[in-house]
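As structure tokens, the structure follows; a few thoughts come after it.
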Amino acid sequence: MTLLPDLPQNKALLDLLRQQGVPQERGAYGYEGWEVHTHPDLVERLGDLAPQWPVLAAYGMPVLASKGIAAVVARSMGILLVRLPVAPAEPLEPVEPWPPLTDPGRGWYSLCPWQSELPSAESKRLLTLLIRHALLYAASLSEDDSIDW
């Protein structure tokens, strides 16, 4: 697994993850040398929502990135952090914020990765579209002009 690059656009996220990261070389709860902070069911859900997209590692959490810029982070059992230019619209259900990353104006939003108030197919469809939007937005923050993401 590839590590999330230490780019200026990732600084706030990496600083927060680094503060909470616990090194762990071995054991059932290790993830790329760090104590895992994401439930395996949520890691699987992330893969279902963004099939064929590589999952990167960052201090015990799986991350989706575009052009090296973090776009989505799976945290705990029920938090999907997405980087967007504006807050996701209804009917998507937000969850507890994760300050300072999700403070107003920071561009990160906490969502429920399960969206249990919606039918399963609709939940998956809306979250898949939102993740694509987050990946496109992250790519737009890059200084890399290539089209290979």
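The values are calculated or read from the model by the stated rules, or taken from the named source; none is laboratory data. Because the structure is predicted, anything quoted here is derived from the model rather than measured. Quick reminder, even Gly has a Cβ in these numbers, built from the backbone with ideal geometry, and neighbours come from all protein chains shown.
Couple of notes before you dig in:
- Residues that are crowded, with 22+ Cβ neighbours inside 10 Å, under 16 Å from Leu141 (Cα atoms) and either among the polar types (S, T, N, Q) or in contact with a helix residue (DSSP H, G or I) (Cβ under 6 Å, 6 or more places away or on another chain) (or both), drawn from the stretch 63-86: Ser66, Ile69, Ala70, Ala71, Val72, Val82, Arg83
- Tyr109 satisfies every condition listed in (1) at positive phi; (2) surrounded by 15 or more Cβ atoms within 10 Å (Cβ to Cβ) except (1).
- Sole exception among (1) farther than 15 Å from Asn10 by Cβ; (2) in contact with a Phe, Trp or Tyr (Cβ under 6 Å, 6 or more places away or on another chain); (3) surrounded by fewer than 19 Cβ atoms within 10 Å (Cβ to Cβ); (4) not charged (D, E, K, R) for Gly60, by number: (3)
- Matching strands (runs of 3 or more DSSP E) fully within the stretch 14-111 where at least 1 residues are basic (Lys, Arg) and at pLDDT below 95: 69-75
- Contacts under 9 angstrom Cβ, first residue in the stretch 113-130 being under 21 Å from Ser76 (Cβ atoms) and among the acidic types (Asp, Glu), partner modelled with pLDDT under 95 and part of a loop (DSSP other than H, G, I, E, B), 6 or more apart: Glu117/Pro91; Glu117/Glu93
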